[in-house]
Amino acid sequence: MDLSYSAEEESFRLRLRSWLENNLPDGWLDGRRKLPEGLTEQEKFYRDWHLRLYEGGWIGLSLPQAYGGQGASLVQQLIYEEETARVEAPPLISAIGLTNIAPTLIHIGTEEQRKTYVPKILSGEEVWCQGYSEPNSGSDLASVQTRAVKDGDQYTINGQKTWTSYSMFSQRCFLLARTSRGEKKHHGLTVFLVDMNQPGVEVRPIRHIDGGQKFGEVFFDNAVASQADIVGEVDKGWDVAMFLLRFERVAGAQFAIRLKNMMSDVIQLAGTLQKRGRPLAEDPVVRQRLADYYARSLGGYLNFYRNFTNIMHAGKPGPEGSIDKLYTTELEKELCGYAVGLFAEGSAPPETLRELEEKWQHRWLYSFGSTIKAGTSEIQRNIIGERILGLPKDMKA
Amino acid sequence: MVDFRLSEEEQMLQSSARKLFESLGGIQAARDYTAGKEESASLLWNRLAELGYAGILVPEDDGGMDLEFTSVIPLAEELGRTLAPIPFMETVVFGAMVLLKRGTSGQKAAWLPKIADGSLRLGVCADLSEPSVSDMTVPIAAERRDSGFVLSGEMDYVRYGKDANAYVVAADLAGEHGRAIFLVDRQAAGIHAASCHTLDQTGPSAKVCFERVHVGDDALIGGQLGTDGLQDALDAMNAALCANMVGGMSKVVEMAAEYAQIRHQFGHPIGRYQAIKHRIADMKVETEIARSLAYYAALAVQEQLGEAGRIVSSAKSYCSEAYERIASHNIQIHGGIGFTTEHDAHLFLKRAKEMERYGGSAVQHRKRVADQLDGRHALKI
């Protein structure tokens, strides 16, 4: 049983850490981590960051070298997650393209699709979004209603997607649409690679409760895609959409590491905020709560590594990832809520208080999205109950 | 290389231990024990010793297997699954660790082989309501006499105190400034052990009274005053208790899941209803988090990490509260029969509650964690 890294792995880490120190936006490491206000400025900021990473050789770690990736090992990919989380690096606008679209095209796309799209995903020239959820299809993804009707060599697409991350910035969309009515609802679906820069596609950003705009609604009004834009087979798109799940091996890392960093920050916060001249961290009640959160956070963090170990040896992820996702996101929400509550108990000098309080309020509000996206907590419990414990599936219509 | 799981040998140890305990009747030994039939427990203890499991931490020269501390995990888990009513933690872990950490070479040579061959069954006469040795109250006094010491006082809540044939005793020196640790034979004149009322009948406590018990100089562990090594032994026992609790939790989750599949109401197995399904899922999640903490606690003890105390206390506080929650939900899921003594569910609940106190309460453990936290080194592994 070992939690240490090899000498080669540590030198990879140091190389990345040093690169980050030299290439993060100005002031980032000093805690000035503000994203620009408007969407146009944000897009420029995100694209710049991707380009820097690309030029530094840090893009496409998980992709094979034959397709322009770095062919990095799983542990190196994990280290990348650890180091970028450690400095709260800016988000990657190309994340969906790199972790979802490119691997899918490499494994089950056509050669033409690979040559056309993969290099531009890597370079950042084309940003991708994933058109899955709809207003009436969230957890029940197979019930999607966006229609793609065959019309000669083309397909005409009508419908609406929602919660589509980075759709405001995207040139392409990996779209799940219905091409026919099958015996079961997940039959008759097809995946299309859709050009977002066509007249029939409109994007409306959505503002979420923390004030940010990371996703949007996408309206398809007689948009078109061609036969060559189909991934896999017609009517067999469900399998394509699900294909990606076998790649999510380090996906849990960001949740676990963010939890660990947040815990350290809460402890620091309790030391910073004062009541009657003493830090809150000296209060016995606060200490009990901190120690409880510490034990729970440590457990969540360790569990990710234990699961990661098993994934490395099994060669593919299993339903155990649901345990990590459920646990870390729910705990983060609670922990952030506790941190915000500390501002009611203690205070700090005016120069630092406002920014500190806003930072924690933002984190807390943002955390509400994590228990909903990538499979709600309720869906995760179903997965744990059914696929790990063997309990019977829900009753369905 | 990141490899956070049991080694192959440890996994094999786990399956061998499971087979052994199943062959000896599984949880039936605990049920027999609570009904006053102690033969099953003795048989279990002897078979365990025959296979070398009592000597896992004892050096080979003293008849042991000399395994790394993490090897305790699989064994402790399997013992927890069956609620094995034997003083494994007190003897194989605590007793061995105290001797290894502070015993003289003569004492090690005399007593470690007796741990390894199962002839020693220990009770711990120290204040185990505290996770830190420095916070312990010491009700036993020791007076120096010509060729040894005289011990007087009473110790409550000595787990398996009536089954023990020897005690590790913490005592304060009367009239002097100092604390000492003794290993005392139960046969010594003046020792009485009486049962205390204990919730967990699979691990009953005794009040052990020392009425001017004369012990020789060789009973003073380490041959000198002081408690060095006692904290390490207590942390080791608490880490082992965490694995033991995880074993119990795992069994309880299996029990609940099995019942949810076979019990039908309103035309469906009750596990189909999300209220039940989700509750068992939450139980499973907590078990796995507890398992990760228990593994890391054992690793911290093994590697003698500076932060071992913080890690062990984090694990113990989480595990004991999780165990109680899980055992409580299990009774609820079983409905009426979960509320009867005919079913095993209550045994796990009572064990869980006892574990909340044994080796220090969750609140005390968290106090210890908080004392060792600051913004700089939180969550560094």
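How crowded by other chains is B:291-298, given as the mean number of beta carbons from other chains within 10 Å of each beta carbon?
5
Take B:K37 and A:R32, extend 7 Å from each Cα along the Cα→Cβ direction, and tell me the distance between the two endpoints in nm.
Going by the 7 Å Cα→Cβ label model, 7.7 nm.
Let me check I have the definition right: for the stretch B:216-373, take the eigenvalues of the Cα gyration tensor, multiply each by 5, take square roots. What are those semi-axes in whole Å, largest first?
The equivalent ellipsoid of the stretch B:216-373 has semi-axes of 37, 17, 11 Å.
Regarding the stretch B:87-184, what's the average projected area of the Cα-atom convex hull, expressed in nm²?
Average projection, Cα convex hull of the stretch B:87-184: 6.6 nm².
Can you tell me the dipole magnitude for the protein assembly as shown around its Cα centre, using point charges on the Cβ only (Lys, Arg +1; Asp, Glu -1), in Debye to the nearest 20?
Roughly 1680 debye, rounded to the nearest 20.
Once you have the Kirkwood Rh of the stretch B:31-129 from its Cα pairs, apply Stokes-Einstein at 37 °C and 0.692 mPa s and quote D in µm²/s.
Stokes-Einstein gives a translational diffusion coefficient of 237 µm²/s.
Rounded to the nearest angstrom and ordered from largest down, what semi-axes does the equivalent ellipsoid of the stretch A:259-357 get from its C-alpha gyration tensor (root of 5λ)?
The answer is 34, 12, 10 Å, longest axis first.
Distance check, please: which entries in B:K316/B:K350; A:K120/A:K185; A:K34/A:K325; A:K325/B:K277 exceed 23 angstrom between their Cα atoms?
A:K120/A:K185; A:K34/A:K325
Filter the trypsin sites (Lys or Arg not before Pro) in the stretch A:241-305 down to the DSSP loop ones having no more than 13 other Cβ atoms within 10 Å, then list what survives.
Qualifying residues, ordered by number: A:R276.
Determine, for A:T376, B:T340, the number of other Cβ atoms within 10 Å of each Cβ, and report the residues in order from fewest to most.
B:T340, A:T376
Tell me the mean residue ellipticity at 222 nm calculated for chain A from its helices only (DSSP H runs of n ≥ 4, each -39500 (n - 2.57), averaged over every residue, nearest 500).
Helix contribution divided over all residues of chain A: -15000 deg cm²/dmol.
Would you please classify the overall shape of the stretch A:112-227 from the alpha carbon gyration tensor, given that a ≥ b ≥ c denote the square roots of the eigenvalues, rounded means a/c under 1.5, and beyond that prolate means a/b larger than b/c while oblate covers the rest?
oblate
Measuring from the lowest to the highest alpha carbon on each principal axis, how far does the stretch A:340-397 reach, largest first, in angstroms?
For the stretch A:340-397, the Cα extents along the three principal axes come out at 56, 18, 18 Å.
Using R₀ = 51 Å, calculate the FRET efficiency as 1/(1 + (r/R₀)^6) where r is the Cβ-Cβ separation of A:E202 and A:E10; round to 0.05.
0.55
Given the pairs B:K19/B:K101; B:K37/B:K114; B:K101/B:K367; A:K275/B:K367; A:K161/A:K333, which are separated by over 29 angstrom at their Cα positions?
Beyond 29 Å: B:K19/B:K101.
For A:K393, which aspartates and glutamates qualify as cross-link partners when the Cα separation must be under 17 Å and same-chain residues fewer than eight apart are set aside?
The reachable aspartates and glutamates, counting only those whose Cα sits under 17 Å from A:K393, are A:D140, A:E378, B:E258, B:D282.
Averaging over every viewing direction, what projected area does the convex hull of the Cα atoms of the stretch A:1-145 cover, in nm²?
12.1
Between B:D66 and B:S16, take the C-beta separation as r, use R0 = 22 Å, and let me know the FRET efficiency to the nearest 0.05.
Using R0 = 22 Å, I get an efficiency of 0.80.
With labels modelled as points extended 7 Å from the Cα through the Cβ direction, what inter-label distance (nm, one decimal) is found for B:D371 paired with A:K396?
5.5
How large is Rg over Rh for the stretch A:8-64, taking Rg from the Cα atoms and Rh as the Kirkwood inverse mean of 1/r across Cα pairs?
Using Cα coordinates only, the ratio equals 1.03.
Note down the relative contact order for the stretch A:140-244 as a percent, whole number, built from C-alpha pairs under 8 angstrom at least six residues apart.
For the stretch A:140-244, the relative contact order is 33 percent.
Can you find, among A:A251, B:S134, B:W111, the residue sitting farthest towards the positive end of the charge dipole of the protein assembly as shown, where Lys and Arg contribute +1 and Asp and Glu -1 at Cβ?
It is A:A251.
With a ≥ b ≥ c taken as the square roots of the eigenvalues of the C-alpha gyration tensor of the stretch A:299-397, please select rounded if a/c is under 1.5 and otherwise prolate if a/b is larger than b/c or oblate if it is not?
In terms of gyration-tensor shape, prolate.
Could you work out the mean projected area of the convex hull around the alpha carbons of the stretch A:260-299, in square nanometres to one decimal?
Mean orientational projected area (the stretch A:260-299, Cα hull): 2.5 nm².
Along Cα→Cβ, 7 Å out, is where each label goes; now give me the distance between the ones at A:D283 and A:H362 in nm to one decimal.
My value for the distance between the label points is 2.6 nm.
To one decimal place, what Kirkwood hydrodynamic radius in Å is obtained for chain B from all pairs of distinct Cα atoms?
The Cα-based Kirkwood calculation yields 21.3 Å.
Can you give the Rg to Rh ratio of the protein assembly as shown, both from alpha-carbon atoms, with Rh computed by the Kirkwood formula?
1.03
A short reminder: the numbers here are calculations on the coordinates, not readings from a lab. Quick caveat, the model's predicted, so the values are computed rather than measured. All Cβ positions, even for glycine, are placed from backbone atoms using ideal geometry, and neighbour counts span all protein chains on display.
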